[in-house]
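**Student:** Mind having a look at this structure? Questions to follow.
The values are calculated or read from the model by the stated rules, or taken from the named source; none is laboratory data. In this text, all values refer to a predicted model and were calculated from it rather than measured experimentally. Here the Cβ positions follow ideal geometry from the backbone for every residue, glycine too, while neighbour counts run over all protein chains shown. Heavy atoms of the whole protein, side chains included, go into the accessibility calculation; ligands, DNA and RNA do not. Shrake-Rupley method; radii C 1.70, N 1.55, O 1.52, S 1.80 Å.
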Amino acid sequence: MAVLSWTFYWTFLIYGLLFHFEIIKIYISLLVIYLLFGFLYYPGNFGSIRRRVSLSLWDPPKEGMICNKMELDATNALKYLQSQQARDNKITITHICIRALAECLAQSRYVANGKIVFGKYIPHDTVDISCLVNVQEGTDLTAVLVKNADKMTFKQIAEFINQNAQKAKQGKDDVYLKKLSLVKNIPSLLILIILELEAFISYNLGISIPFLSIEKNCCGGATLTSLGGFGKGYTDVQAPFSPFIRSSLIMAVNKIEEKPVVRNGQIGIAPILIVKFTVDHRYVDGGSALKGTQSFIDVVENPEKYL
């Protein structure tokens, strides 16, 4: 249906430009009236970039998605995070989950680690994971792309994420600053057009345009957002898809909490990590996801095997 809507829109636009410009005038007039009405009825600024991007992207849900919740025993993960190596390199549960997600995609390379363009599934050459990072004191988000994440150690992932996240938070990320200046004073309606065009160039065409800060497959095969740092209340959160990201899944890493568990017929207490997946049903179903899911669980519950 997205293809039909897209082709209808561009057919209408091209026809108006070539043969009937009055239609374009009416179209532009209606857009201007809509924007002016919004400015006059609700005066004020546009709000944060994050809010305006959200408003420009999402309609009521109508596409096929699989939502999965996993509760994982984090005993061994916490034991490793308390080790000298982990403390020295500022490794967190987020970095372990990035490596686990990369292993999951590597095991599902010809199913989930790719993109759907022009009605075809195209596998990615590498396993890249996008990690969302808070900037602007939590009012905005940027993404750090970890390339070849399945071939990196926890230490390498932590160093890369921490370095780039710090750069973004200090306002030294050139890519983020370019995009911020581009959309800073643009209405939400126009942001959608810009993001869709960027996604088309980056994913559908697979082209990098450095001077526009557009990178090929800019968000990788999957996206991760970590919510555990927000504290109490962020223990069971599902993350929605962003249409312009175009990855097969997005994963939310929630806060670790102690919960009752049954081991060898006995009830005990263990630290439990809840991760929640939102998966594009066009890529995977339950059967095809099984092998990748087992790999993900193994990395999180037995991180010492992947040092």
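**Student:** Could you let me know the centre-to-centre spacing of region 251-307 and region 96-169, using Cα atoms, in angstrom?
**Tutor:** Each part reduced to its Cα centre gives a spacing of 18 Å.
**Student:** Need the list of lysines near Lys184 for cross-linking: C-alpha distance under 24 angstrom, and skip anything on the same chain fewer than eight residues off.
**Tutor:** The qualifying lysines are Lys167, Lys169, Lys172, Lys216.
**Student:** Long-range amide H contacts for Glu215: which residues qualify at under 5 Å (H placed 1.01 Å from N, peptide plane, sequence gap of 5 or more or a different chain)?
**Tutor:** Ile209
**Student:** Around Ala74, which amide H atoms from residues at least 5 apart in sequence, or from another chain, sit under 5 Å from its own amide H, with H modelled in the peptide plane?
**Tutor:** So Ala74 has HN proximity to Ile272, Leu273.
**Student:** Moving on to the next point. Just to check I understand the Karplus step: with θ = phi - 60° and J = 6.51 cos²θ - 1.76 cosθ + 1.60, what whole-Hz values come out for region 9-20, glycine and proline as x?
**Tutor:** Rounded to whole hertz, the list is 4, 6, 4, 4, 5, 5, 4, x, 5, 8, 10, 8.
**Student:** When ligands, DNA and RNA are left out and all protein chains stay put, how many square angstrom of accessible area per residue does region 139-259 have with a 1.4 Å probe? Numbers along the way, then the final one.
**Tutor:** Values: 6040 Å² over 121 residues.
Here the residues of region 139-259 average 50 Å² of exposed surface.
**Student:** Quick one: which residues, 5+ away or cross-chain, put their amide H under 5 Å from the amide H of Val117? H built at 1.01 Å from N.
**Tutor:** Counting only residues 5 or more places away or on other chains, the set is Ile122.
**Student:** Give the peptides 273-283, 84-94, 27-37 in descending order of average Cβ contacts within 10 Å, highest first.
**Tutor:** Per-residue mean Cβ counts within 10 Å order the peptides as 273-283, 84-94, 27-37.
**Student:** Okay, next question. Quick one: what are the phi-derived ³J(HN,Hα) couplings along region 75-86, Karplus 6.51/-1.76/1.60 with θ = phi - 60°, whole Hz, x for glycine and proline?
**Tutor:** Along region 75-86, the couplings run 4, 5, 5, 5, 4, 5, 5, 8, 6, 4, 4, 5 Hz.
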